[in-house]
Amino acid sequence: MGRYESFWALTEESLDYALATLAPEQRSLRSALLASYRHLAAYEDVRPVLDRLRTNKVRTAILSNGDGTMLEDAVKAAGLAAHFDGLISIEEIGIYKTAPDAYRLVKGAFGIEPNRTLFISSNRWDVAGARLAGFHPLWINRAGRSDEYRDCPPDAILKSLSEIF
């Protein structure tokens, strides 16, 4: 506690704990589960929205708590590497989102003030952090979950990215 550990190390520790606690007989799945984490598919609405943003000359980036190599692997595996102007990992400062310094990485990378930046996430905690950092956040609430951060509202709640256009 109170010290930075890489997201990958935390992912490994979490999986080890879950397997030991809930499914010790499944420990042999560890390597395959960790490998699959680096090769997640994107939702079907992601590519068309990114294509449209690119056509409209909107700059795009990912700000992630994930390690830089995890982020690069995931974007490549989803076939989306050419769709982003930047991949920003908190790894470079060792402070996780929702800390304000994590969100400041966007301004550092692009020179754009938060109040001129649309921040899109399916993680409600991340939307709350982005709101507090001054961004215009959209919450992609695919599962119709309850809002747990009513004091930090998103600009809009959408069921899919396709609702942006």
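Things to note:
- The single condition among (1) touching a residue at least 60 places away in the same chain (Cβ under 8 Å); (2) within 20 Å of Asn123 (Cα to Cα) that Gly68 does not meet is (1).
- Restricting attention to the stretch 82-100, the residues that are closer than 20 Å to Glu44 by Cα and either among the polar types (S, T, N, Q) or assigned to a helix (DSSP H, G or I) (or both) add up to 2.
- Against the list (1) loosely packed, with under 14 Cβ neighbours inside 10 Å; (2) more than 18 Å from Pro154 (Cβ to Cβ); (3) among the hydrophobic types (A, V, I, L, M, F, W, C), the condition Leu87 fails is (1).
- Any hit, the stretch 82-89, residues being touching a helix residue (DSSP H, G or I) at 6+ places or on another chain (Cβ under 8 Å), closer than 30 Å to Ile164 by Cβ, at pLDDT below 95 and assigned by TED's automatic domain parsing to the domain that holds Asn141: no
- Where a residue in the stretch 135-157 is within 21 Å of Asp101 (Cα to Cα) and its partner, wherever it lies, is part of a loop (DSSP other than H, G, I, E, B) and among the polar types (S, T, N, Q), with Cβ under 7 Å and at least six apart: Phe135/Thr117; His136/Thr117
- Single residue of the stretch 101-118 satisfying the filter (not aliphatic (A, V, I, L, M) and not in a helix (DSSP H, G or I)) that is nearest to Glu91 (Cα to Cα): Gly111
- With respect to the conditions (1) surrounded by fewer than 17 Cβ atoms within 10 Å (Cβ to Cβ); (2) part of a loop (DSSP other than H, G, I, E, B), Pro154 falls short on a single one, namely (1).
- Total residues in the stretch 119-143, condition part of a strand (DSSP E or B) and among the hydroxyl-bearing types (Ser, Thr, Tyr): 1
- Filtering Thr117, Thr98, Thr69 for residues that are surrounded by 14 or more Cβ atoms within 10 Å (Cβ to Cβ) and over 24 Å from Phe165 (Cα atoms) leaves a single hit, Thr98.
The values are calculated or read from the model by the stated rules, or taken from the named source; none is laboratory data. Treat the numbers as computed from the prediction; the structure is a model and nothing was measured. All Cβ positions, glycine included, derive from the backbone under ideal geometry; neighbour counts span all protein chains shown.
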